[in-house]
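Step one of this worksheet: look at the structure below.
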Amino acid sequence: MARQLLTSGSKFEDLASFSRAVIDGDWIFMSGTTGFNTATGEISDDVVEQTEQIFRIIEATLEEANSSLADVLRVGVYIVDPDDLIPVCEVVGRKFDGIRPANTTVCTRLARPEMKVEIEIMARRGSGG
């Protein structure tokens, strides 16, 4: 099976030549996702709302790939402010309750100052039972 590329239509996908997600067989590799509303281009100042928006994008992309959060095996979380760790972890924890993927969380700078959190995932279709 040839690899399949999923796109959100973001101008940055063309600029940096990347895909929202790449599907290779049953594996789904999703690029880092930020809290921008893809329809409006806006982003909330609130880290919890950014994290919720990220999961709306992740869940929609997984659905397009015939998958779901239950199939996520690995998650990478990147936060800017260490004080945002607990609020972000609470959202991630709700989304992955019972799934418990491997997780790495890092405090770092992100590409734009309004971005407070970025999340990437790796999933395998059918692995969630």
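Give E114, E120 a once-over and let me know the one that is within 21 Å of A21 (Cβ to Cβ) and charged (D, E, K, R).
E120
Would you say S44 is closer than 30 Å to A2 by Cβ, in contact with a helix residue (DSSP H, G or I) (Cβ under 8 Å, 6 or more places away or on another chain), modelled with pLDDT of 95 or more and not β-branched (V, I, T)?
Answer is no for this residue.
Output the qualifying pairs, or none if there are none: Cβ atoms under 7 angstrom, residues six or more apart or on different chains, first residue in segment 20-35 and within 9 Å of I121 (Cβ to Cβ) and open to solvent by 20 Å² or more (accessible area, probe 1.4 Å), second residue at pLDDT below 95 and of a type in the set (A, V, I, L, M).
Pairs found: F29/A21; F29/V22.
Regarding segment 56-65, can at least one residue be identified that is crowded, with 17+ Cβ neighbours inside 10 Å and closer than 15 Å to R112 by Cβ?
no
Hey, does segment 100-111 have a residue that's touching a residue at least 40 places away in the same chain (Cβ under 8 Å), touching a helix residue (DSSP H, G or I) at 6+ places or on another chain (Cβ under 8 Å) and open to solvent by less than 80 Å² (accessible area, probe 1.4 Å)?
No.
Please verify whether L62 is without any contact (Cβ under 8 Å) to a residue 24 or more places away in the chain and of a type in the set (A, V, I, L, M), treating the condition exactly as stated.
Spelling it out, it is not the case that L62 is without any contact (Cβ under 8 Å) to a residue 24 or more places away in the chain and of a type in the set (A, V, I, L, M).
Can you report the number of residues in segment 77-117 which are of a type in the set (K, R) and at pLDDT below 95?
Here the count works out to 1.
Being outside any strand (DSSP E or B), among the basic types (K, R), over 23 Å from G9 (Cβ atoms) and out of contact with any His (no Cβ under 7 Å at 6 or more places or on another chain) narrows it down to one residue among R74, R56, R109; which is it?
R109 is the lone residue from the list that is outside any strand (DSSP E or B), among the basic types (K, R), over 23 Å from G9 (Cβ atoms) and out of contact with any His (no Cβ under 7 Å at 6 or more places or on another chain).
Going through segment 42-55 one residue at a time, which ones are open to solvent by 50 Å² or more (accessible area, probe 1.4 Å) and without any contact (Cβ under 8 Å) to a residue 24 or more places away in the chain?
E42, D46, E49 - these are the residues of segment 42-55 that are open to solvent by 50 Å² or more (accessible area, probe 1.4 Å) and without any contact (Cβ under 8 Å) to a residue 24 or more places away in the chain.
The values are calculated or read from the model by the stated rules, or taken from the named source; none is laboratory data. In this text, all values refer to a predicted model and were calculated from it rather than measured experimentally. Cβ: placed from backbone, ideal geometry, glycine included. Neighbour counts: every protein chain shown. Accessible surface is based on the protein model in full, side chains and every heavy atom, while ligands, DNA and RNA are left aside. Shrake-Rupley method; radii C 1.70, N 1.55, O 1.52, S 1.80 Å.
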